[in-house]
Amino acid sequence: MYKVKVYVTLRESVLDPQGKAVTNSLNALNYKEVTDVRIGKYMELKIEKSERDIDEVINEICSKLLANPVIEDYRYEVEESVAQ
């Protein structure tokens, strides 16, 4: 079994209004050292081992469902789990 951590973020070229709102709120709370916030998503998946390559499976899942490839990028980390 694999434990996969997926991080989805907006591409740098895409405006992030939610991140901008958080930046403004932090500045209003006197955290002036915060200059930018980007909001993203974090997901954990447990995937059973199969004949298919784990990277192929994860890339398909991310590009078809978890991330919008037009405006978002993703990266992932795979941990092989011994306990099931």
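The values are calculated or read from the model by the stated rules, or taken from the named source; none is laboratory data. All values derive from a computational prediction rather than experimental measurement. Methodologically, a virtual Cβ is constructed for each residue, glycine included, from the backbone with ideal geometry; neighbour enumeration extends over all protein chains shown. Note: accessible area is taken over every heavy atom of the protein model, side chains too, but ligands, DNA and RNA are not part of it. Shrake-Rupley method; radii C 1.70, N 1.55, O 1.52, S 1.80 Å.
Structure above, values below:
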item: Strands (runs of 3 or more DSSP E) contained in the chain and holding at least 2 residues surrounded by fewer than 13 Cβ atoms within 10 Å (Cβ to Cβ) and modelled with pLDDT of 95 or more; result: 40-47, 72-80
item: Contacts under 8 angstrom Cβ, first residue in segment 59-75 being on the phi < 0 side of the Ramachandran plot and free of Cβ contacts under 8 Å to residues at least 40 places away in the same chain, partner in a helix (DSSP H, G or I) and open to solvent by less than 60 Å² (accessible area, probe 1.4 Å), 6 or more apart; result: PRO69/SER63
